[in-house]
Amino acid sequence: MAEKIHQGQPVLQAGVPLKDASKLVILLHGRGASPESMLSLADSLQTDSTCFWIPGAAGMRWYPETAFGPLEPNEPDLTSALNVISELVSRAAAAGISRQGIVLGGFSQGACLAAEYLVRNPERYGGLFVLSGALIGPPGMERQPTGDLRGTPVFLGLGDQDSWVALDLFQEAGRLFEDLGAAVDQQIYPGMGHTVNQDEISRVRKMIAAVSES
């Protein structure tokens, strides 16, 4: 039985109440941050009929070590973090929001977690946005994912001066999402470090606005 490290942590809600929403964004914070620190980003991404759920990580981090090393040192925290997303997806389904109405995303450590979740659970979602992140695991890690993202929109954004996320890992993530059948929009921003810019916000906002249950 998986350890419940992150289970029971608060989930902040922003945007419209879920009962009035037609779409849901599950927004994941980075290392050393909190759900409250993501409220300004949620506000920037708000579109009509959109609810945001922003879960909190125990100890303000989803996993203890680098995202880009061996998986074992990040367990059991990583499995618990991925289970948080699964539980929120199930909660949304019970409230009438299907996967097609859910957008997953985050910044930094949270971006890596959202990307890893979708690769491990490839189905048609409303979308995924990966801001300054990549997939979790060491360079060259062999992956044999099964499933089909069936055109799920995926946005990946990274500054070429980001000191935390290597460009080759970022590009490798984009290729894998394409191989899984996603509609990938991958942008590299000259001169930008480990942050989020207005172009990224605009692209993600358009993705969320385009989500529908149809």
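The values are calculated or read from the model by the stated rules, or taken from the named source; none is laboratory data. Keep in mind the model is a prediction, meaning the values are calculated, not measured. For neighbour counting, all protein chains shown are included, and Cβ atoms are generated from backbone atoms with ideal geometry for every residue, glycine included. Remember, those area values only see protein heavy atoms, side chains included, never the ligands or the DNA or RNA. Shrake-Rupley method; radii C 1.70, N 1.55, O 1.52, S 1.80 Å.
Over the Cα atoms of the stretch 1-73, what is the Rg over Rh ratio if Rh follows Kirkwood?
Rounded to two decimals, Rg over Rh is 1.05.
So who's got an amide H within less than 5 Å of the one on D185, skipping anything under 5 residues away but keeping other chains? H placed 1.01 Å off N, in plane.
So D185 has HN proximity to V154, F155, L156.
Computed over the Cα atoms of the stretch 91-214, what is the convex hull's projected area averaged over all directions, in nm²?
Seen from a random direction, the Cα hull of the stretch 91-214 projects 7.4 nm² on average.
Nearest 5 is fine: what % of DSSP beta bridges in the chain come out antiparallel, could you say?
So the antiparallel bridges in the chain amount to around 15 percent.
Using 0.36 nm times the number of residues separating R124 and K206, minus their current alpha carbon distance, what extension gain do you get?
Gain in length upon complete extension: 27.7 nm.
Using the heavy atoms of the protein chains alone and a 1.4 angstrom probe, what is the accessible area of the stretch 1-75 per residue in square angstrom?
47
Give the percent of DSSP beta bridges with both residues in the stretch 1-68 that are antiparallel, rounded to the nearest 5.
Given both bridge residues lie in the stretch 1-68, the antiparallel proportion sits at roughly 55 percent.
So what is the orientation-averaged projected area of the stretch 123-163, using the convex hull of its C-alpha atoms, in nm²?
3.8
Under a cut-off of 30 Å between alpha-carbon atoms, report the lysines in cross-link reach of K4, not counting same-chain residues fewer than 8 places apart.
Result set, ordered by chain and number: K19, K23.
If you roll a 1.4 Å probe over the heavy atoms of the protein chains, what accessible area per residue do you get for the stretch 139-195, in Å²?
54
Once amide H atoms are built 1.01 Å from N in the peptide plane, which residues 5 or more positions from L12, or in another chain, come under 5 Å H to H?
Distant-sequence amide H within range of L12: I54, G56.
Of all accessible surface on the chain at a 1.4 Å probe, what whole percent is carbon and sulfur?
50
Which percent of Cα pairs goes in each bin when the distances of the chain are cut into 10 angstrom slices starting at zero?
Calculated P(r), rounded to whole percents: 9, 38, 40, 12, 0.
For K19 and D179 in the same chain, what is the full-extension length gain: residue separation times 0.36 nm, less their Cα-Cα distance, in nm?
Separation in residues times 0.36 nm, less the Cα-Cα distance, equals 54.1 nm.
If you stretched the chain out fully between T146 and Q7, how much longer would it get, using 0.36 nm times the residue separation minus the C-alpha to C-alpha distance?
Additional length available on full extension: 47.3 nm.
Starting from the Cα of D199, move 7 Å in the Cα-to-Cβ direction to define the label point; list residues of the stretch 11-53 whose amide nitrogen is under 17 Å from there.
none
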